[in-house]
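The structure appears right after this line, and notes come after that.
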Amino acid sequence: MFYHRWRNVKNMNLCYNGLHIWEKDVRRAMKPENKGLDETLFAYIVKSVSATPFYDLLGIELREIAPGHVKIAVKAEKKHTNPIGLLHGGLIMSLADAAMGNAIRSLGLKGVTVDCSTSFPGSGKVGSTIIAEGSVLRAGKQMIFAESRVFCDEKLIGHTKATFFNVGAVEL
């Protein structure tokens, strides 16, 4: 009989002998790439993304952060499909919004979505990794303009343009 003793270490279920980690926690343990962000701001964004319950529900992982640009990903699962078996548009829109919102925070700002428009030129499939890239187009005193492109197997499946209200600087 093969027996393991499991313990919870900072939200990670590790096998007693340290050889096994749940897949969900491997996703969380992967550190995103910092492409030119201040280390304090980078750590703040990484920590806040990992502590966001909605991101955890969807399975969002942060891949890279640069000033005004963020790349996130999710492994498409059956739970992400609509009644006809395609990836739900809400997943694609949520990924786009998360990528744009975190791109805004990479500039040291906080923004809330005011308006959002998404086009779906294609569809994704279960088992694929869905990548969303968010970029800030212009950050003004009151309004911030951003866009996101969502890809499945390098094919564009979502394009979003959004306006955010600038609610101030992030508190580090």
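The values are calculated or read from the model by the stated rules, or taken from the named source; none is laboratory data. Model, not experiment: these values are computed from the prediction. All Cβ positions, even for glycine, are placed from backbone atoms using ideal geometry, and neighbour counts span all protein chains on display.
Data table
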| read-out | value |
| --- | --- |
| Within region 116-129, tally of residues that are touching a strand residue (DSSP E or B) at 6+ places or on another chain (Cβ under 7 Å) and not in a strand (DSSP E or B) | 8 |
| Options G158, G90: the member that is touching a helix residue (DSSP H, G or I) at 6+ places or on another chain (Cβ under 7 Å), farther than 16 Å from I45 by Cβ and modelled with pLDDT of 95 or more | G158 |
| Qualifying positions in region 19-32 - modelled with pLDDT under 70 and touching a helix residue (DSSP H, G or I) at 6+ places or on another chain (Cβ under 9 Å) | I21, K24, R28 |
| Within region 33-46, tally of residues that are more than 12 Å from N102 (Cα to Cα) and surrounded by fewer than 18 Cβ atoms within 10 Å (Cβ to Cβ) | 8 |
| Single residue of A103, A132 found to be in contact with a His (Cβ under 7 Å, 6 or more places away or on another chain) and either under 17 Å from F165 (Cβ atoms) or in a strand (DSSP E or B) (or both) | A103 |
| Filter pass, T113 being within 16 Å of the chain's Cα centre (by Cα), among the hydroxyl-bearing types (S, T, Y) and part of a strand (DSSP E or B) | yes |
| Single match in K71, K78 (criterion: surrounded by fewer than 16 Cβ atoms within 10 Å (Cβ to Cβ), modelled with pLDDT of 95 or more, under 14 Å from T129 (Cα atoms) and among the basic types (K, R)) | K78 |
| Subset of region 33-68 (residues that are free of Cβ contacts under 8 Å to residues at least 60 places away in the same chain, touching a helix residue (DSSP H, G or I) at 6+ places or on another chain (Cβ under 9 Å) and in a helix (DSSP H, G or I)) | S48, V49, S50, F54, Y55, D56, L58 |
| Count of residues meeting criterion [surrounded by 14 or more Cβ atoms within 10 Å (Cβ to Cβ), in contact (Cβ under 8 Å) with a residue 40 or more places away in the chain and farther than 14 Å from H69 by Cβ] in region 141-172 | 12 |
| Test: A103 is at pLDDT 95 or above and either crowded, with 22+ Cβ neighbours inside 10 Å or touching a helix residue (DSSP H, G or I) at 6+ places or on another chain (Cβ under 7 Å) (or both) | yes |
| Criterion violated by R138 - all others in (1) in a loop (DSSP other than H, G, I, E, B); (2) without any contact (Cβ under 8 Å) to a residue 12 or more places away in the chain satisfied | (1) |
